[in-house]
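K.L.:
Sharing a structure here in structure tokens format.
The values are calculated or read from the model by the stated rules, or taken from the named source; none is laboratory data. The structure presented is a predicted model; accordingly, all values stated were derived computationally and were not measured. Glycine also receives a Cβ, built like all others from the backbone with ideal geometry; neighbour counts cover every protein chain displayed. Side chains are part of the model used for accessible areas, which takes the heavy atoms of the whole protein and leaves out ligands, DNA and RNA. Shrake-Rupley method; radii C 1.70, N 1.55, O 1.52, S 1.80 Å.
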Amino acid sequence: MLQIISVHLENKPGALLRVTGLLSARGYNIESLTVARTLDPELSRMTIVCDIEDRLRAQVIKQMNKLVNVLQATDLTDAPAVNRELLLLRVRSPQESRTAVLKEAEIFGARVVDSSVDGFALEVTGDPEKLDEFIGVMRSYGEIEVSRSGVVGVSLEGKKLKLQPPVLTRAAAKLEEVDGVLNG
Amino acid sequence: MNGAQILLECLVREEVDCFFGYPGGVTLPLYDALYDHPIKHVLVRHEENACFAAEGYARATGKVGVCCATSGPGATNLVTGLVDSMMDSIPIVAITGQVSTKLIGSDAFQEADTFGITRACTKHNYLVKTLAELPKIVHEAFYIASSGRPGPVLIDIPKDVFQATGHYTPVDTIHLPGYKVFTEGHAGQIRRAAQMIWEAERPFVYAGGGVIASGADGELRELVEMVDMPAVCTLMGLGALPSNHPNFVSMPGMHGSYAANMGISNCDLLIALGVRFDDRVTGRLAAFAPNARVIHVDIDPAEIAKNRIPDIPIVGDVKRVLQKLNRNLGEMKGEHGSRNTAPRAAWRQQVRDWAKEHPYDKSRSETEIKPQHLISEIDRLSAGEAIVTTDVGQHQMWTAQLVRFNHPRLWINSGGLGAMGFGLPAAIGAQFARPDKLVFAIVGDGGFQMSIPELGTIASNGLPIKIIVMNNGHLGMVRQWQELFYNNRLSSVRLDCFPDAEKLAGAYGFKGRTIEKPSELADALDIAIKEPGPYLLNVKVTQFENVYPMVPSGGAINEMVLGPPVPVAV
Ligand SMILES: Cc1ncc(C[n+]2csc(CCOP(=O)(O)OP(=O)(O)O)c2C)c(N)n1
């Protein structure tokens, strides 16, 4: 079964590779990956879909949590969460089926983002299964081309992100110690 | 000040007194700043050895070891050492030069993607892009390397950052919002652990490198004595409990002692402290401590339940946790302490009997120097007090078995990675860290030939290291496996050319000698340690000796092969 992992990480060079490196080092193939800034521009949220053996899931998440740039990695697979994906699809449809295509698009809540004599470009969001279905349906009308964004997920549990407090450098800690001794 | 001087200022503030490295084009500004700087730079003969030496320094002191290399080939040469320190959780800060920022990505001369290459073999790494961020990064690197589960951190610094001018503004705080260090341990879990210990009839301690990293040797000793239970130290943990301690039962695992492996296999409670249930210790995991409940204390949450699911997991610094555990045990002692005294005493006796029944082989021969004889003699001279580094192979296992260590940080070896070529440079780092100490580097004739260039570093610094080559004419450990598992088809393991030790050492300006008679051994070692400078003693030992006990890989640890098959008469 595919796992959905949500990772909250610092928006720093290399941070993304560190996370994905943990997966590739273990021979896991990433099915999809999205990453973008959060409200705080110094942080990013990443959603990874990956096929990890059940018994190693917790281990992989722990390893992600150990990374210096990672604030929190959570397994959304079985947790209360909403997962969505965006699909852009181009379908070549002959004149006679244009209306049917539009009808079908409406059923799936897809928007037309481009229309030409050859056919349409459609945009639709939903969970991955819904998008699979939509692709299946559109295929029956003609040649298609698709581009999927990969899943983005958000946990429905209101867990507060715990940030680690600053610590003193060695030299500063030493100074403080000396101060402590001097001032009793 | 320029970037190089600012870097050195940061190192001073991190209390670095010496570091190991090798210069090159992009680190020229750094070496220029070092020219009249109080920090000592030790010029090694290969960057891999700079990292190994820094590890030797760190392992001998607990302080962060520092190494330095130039861009490109210098940086790639560090990689083995970085992986080694990652595997053994050794605090290292590695500084590499990089081509100037505007050249990065242009395939410039000696450019390599050091940041990318070392991502997987460091605890964390940095590419510095401006001088302004340099001090913060350096202090962060030291903090990350030495806190939590220690490990290597690499800082890649472009040449123009070294050259840029600026000021050092003191950095007082480090803010790493995602870097979690768990030290305290859960009070409730610790209390439950104390209860479980007093409930046990056959408790057994399995102590590892984490005990040494956290400086918990005193607490370990208190624990073992309070409950009067037997304890093993892993290859990484030797010295955590003094080898001459009555409760110490040597090392467990593939070449561990009979008593250690039987103890683990038969205990009803395994107290695992700063260990990672490594496959060389556990053998077949399903058969490891099959009847035991497990208490596992480790500072790294990812180690808990990685290989064995514990009954009581405790995430925390072993020292802090043991302080609390001991307090709890003490408080409960009145009520529970006497509960299982009889079975516990019988268990102690049982383990002692196992140790007596099958001690390590220390046999000697009249005609040849057996490896075990050589190592026992070094043990006699060290008496648990010398620093002993080894390389990797049979000699490493015999040393771990037969040499006593009365304190932590005396025993220095490449445990997790098993990197040949480690022993000699690690001894260099250890001797710099502890000039007061007698340092033996026990190496195989294979591994020694990987580190011969470092004889130059030893000679030019007059380091009084006693290099003992256990020369069996083979890549002994591989030969042993070929003999036992590949029908003795010895393929590419014969080392039939070894330099004349006297001439080799002589060429570097110090003394060396080769011996092969058992009668010469004691004297030759005495002469070596009395020599004020370095000494190279090449000891020709029995060629086809095997290390026992041995748990064949994939076997259960109580299914040890105790010795060579006894020939059966037909
Ligand atoms: C860098 C490296 N290459 C290869 C090995 C595989 N290996 C493990 S032990 C060993 C033999 C070591 O021979 P030697 O140094 O003579 O020591 P001995 O086993 O004879 O004591 C080898 C080749 C290794 N551990 N490290």
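K.L.:
Which percent of the accessible area of region A:82-148 is formed by carbon and sulfur heavy atoms (probe 1.4 angstrom)?
P.N.:
The value for region A:82-148 is 49 percent carbon and sulfur by accessible area.
K.L.:
Pick out, from B:Ile387, B:Val321, B:Phe498, the residue whose Cα sits farthest towards the positive end of the charge dipole of chain B, with +1 on the Cβ of Lys and Arg and -1 on the Cβ of Asp and Glu.
P.N.:
B:Val321
K.L.:
Using a 1.4 Å probe over the heavy atoms of the protein chains, calculate the carbon and sulfur portion of the accessible area of region B:371-540 as a whole percent.
P.N.:
Answer for region B:371-540: carbon and sulfur cover 51 percent of the accessible area.
K.L.:
While we're here: Mind checking the dipole of the protein assembly as shown: about its Cα centre, +1 per Lys or Arg Cβ, -1 per Asp or Glu Cβ, Debye to the nearest 20?
P.N.:
I would put it at about 960 debye.
K.L.:
Compute the FRET efficiency between A:Arg84 and A:Val117 as 1/(1 + (r/R0)^6), taking r as their Cβ-Cβ distance and R0 = 25 Å, and round to the nearest 0.05.
P.N.:
Efficiency, rounded to the nearest 0.05: 0.20.
K.L.:
Another question about this same structure. Which residues of region B:106-151 end up with at least 50 Å² less accessible area in the presence of all protein chains than when their chain stands alone, using a 1.4 Å probe?
P.N.:
Buried-area filter returns B:Arg119, B:His124.
K.L.:
Go ahead and estimate [θ] at 222 nm for chain B from helices alone: -39,500 (n - 2.57) per DSSP H run with n ≥ 4, summed, over the residue count, rounded to 500.
P.N.:
Per the formula, -11500 deg cm²/dmol.
K.L.:
Report the B-A buried area as the accessible area lost on both sides summed, probe 1.4 Å, in Å² to the nearest 100.
P.N.:
Buried surface at the B/A interface: approximately 2500 Å².
K.L.:
Now for a different question. Just want the answer: with Cβ charges of +1 for Lys and Arg and -1 for Asp and Glu, which residue in B:Ala231, B:Gly210, A:Phe134 is farthest toward the dipole's positive end in the protein assembly as shown?
P.N.:
B:Ala231
K.L.:
Charges only on Cβ, +1 for Lys and Arg, -1 for Asp and Glu: so what's the dipole of region B:187-357 about the Cα centre, in debye to the nearest 20?
P.N.:
The calculation lands at about 120 debye.
K.L.:
Leaving out ligands, DNA and RNA but keeping every protein chain, what accessible area does A:Lys130 have, in Å² rounded to the nearest 10, with a 1.4 Å probe?
P.N.:
70
K.L.:
If I model a spin label at B:His336 and B:Asn291 as a point 7 Å from the Cα along the Cα→Cβ vector, what separation in nanometres do I get?
P.N.:
Going from the B:His336 label point to the B:Asn291 one covers 2.1 nm.
K.L.:
Also, quick follow-up: Taking square-rooted eigenvalues a ≥ b ≥ c of the alpha carbon gyration tensor, is region B:346-493 rounded, prolate or oblate, where a/c under 1.5 means rounded and, failing that, a/b exceeding b/c means prolate?
P.N.:
Here region B:346-493 falls in the oblate category.
K.L.:
Related question: Ordering B:Thr130, B:Thr70 by how much accessible area each has at a 1.4 Å probe, largest first, what is the list?
P.N.:
Of B:Thr130, B:Thr70, the descending order of accessible area is B:Thr130, B:Thr70.
K.L.:
What does the extension gain come out to for B:Glu199 and B:Thr169, with contour length at 0.36 nm per residue minus their alpha carbon separation?
P.N.:
Contour length minus Cα-Cα distance gives 5.1 nm.
K.L.:
Working with all protein chains in place, sort A:Val82, A:Val178, A:Val124 by solvent-accessible area computed with a 1.4 Å probe, largest first.
P.N.:
So the residues, ranked largest to smallest area, are A:Val178, A:Val82, A:Val124.
K.L.:
If I model a spin label as a point 7 Å beyond the Cα along the Cα-Cβ vector, how far apart are those points for B:Gln449 and B:Ile39 in nm?
P.N.:
About 3.8 nm, to one decimal.
K.L.:
Here's something else I'd like to know. What dipole magnitude, in Debye to the nearest 20, does chain B give about its Cα centre under +1 on Lys/Arg Cβ and -1 on Asp/Glu Cβ?
P.N.:
Taking the Cα centre of chain B as origin, the dipole is about 920 debye.
K.L.:
Let me ask something additional. Which value in nm describes the separation of the simple spin-label points at A:Arg55 and B:Met226, placed 7 Å from the Cα toward the beta carbon?
P.N.:
Between A:Arg55 and B:Met226, the label points sit 3.5 nm apart.
K.L.:
A further question follows. Using 1/(1 + (r/R0)^6) with R0 = 25 angstrom and r between the beta carbons of A:Ala100 and A:Leu39, what's the FRET efficiency to the nearest 0.05?
P.N.:
Once the sixth-power term is evaluated, E becomes 0.05.
K.L.:
How are the alpha carbon pair distances in the protein assembly as shown distributed across 10 Å bins from zero to the largest one, expressed in percent?
P.N.:
3, 13, 20, 22, 19, 12, 6, 3, 1, 0, 0
K.L.:
Order the peptides B:439-449, A:64-74, B:208-218 from the highest to the lowest mean number of other Cβ atoms within 10 Å of their residues.
P.N.:
The densest-packed peptide leads the list: B:439-449, B:208-218, A:64-74.
K.L.:
Return one quarter of the surface area of the convex hull spanned by the alpha-carbon atoms of chain A, equal to its mean projected area, in nm².
P.N.:
15.3
K.L.:
With every protein chain in place, what's the accessible area of B:Glu357 (1.4 Å probe, Å², nearest 10)?
P.N.:
110
K.L.:
Put +1 on the Cβ of each Lys and Arg and -1 on the Cβ of each Asp and Glu in chain B; which of B:Tyr126, B:Ser338, B:His358 then has its Cα farthest toward the positive end of the dipole?
P.N.:
Going by the Cα projections, it comes out as B:Ser338.
K.L.:
Per residue, how much accessible area does the protein assembly as shown show when a 1.4 Å probe rolls over the protein heavy atoms, in square angstrom?
P.N.:
42
K.L.:
Ordering B:Met226, B:Met1 by how much accessible area each has at a 1.4 Å probe, largest first, what is the list?
P.N.:
Correct descending sequence by accessible area is B:Met1, B:Met226.
K.L.:
Carbon-plus-sulfur fraction of the accessible area of region B:187-357, 1.4 Å probe, in percent?
P.N.:
Using a 1.4 Å probe with all protein chains present, region B:187-357 comes out at 48 percent carbon and sulfur.
K.L.:
What is the pair-distance distribution P(r) of region B:1-139, computed from all Cα-Cα distances in 10 Å bins starting at 0, with each bin given as a whole percent?
P.N.:
The calculated distribution, bin by bin, is 12, 46, 37, 5, 0.
K.L.:
Which order do the peptides B:288-301, B:54-67 take when ranked by the mean count of other beta-carbon atoms within 10 Å per residue, highest first?
P.N.:
Highest mean packing first, the order is B:54-67, B:288-301.
K.L.:
Please give the FRET efficiency for A:Ile107 paired with B:Phe485, using the beta carbon to beta carbon distance and R0 = 51 Å, rounded to the nearest 0.05.
P.N.:
Working from the Cβ atoms, E equals 0.20.
K.L.:
Also: Excluding ligands and nucleic acids, what accessible area in Å² is computed for B:Glu225 using a 1.4 Å probe, to the nearest 10?
P.N.:
Ignoring ligands and nucleic acids, B:Glu225 comes out at about 90 Å².
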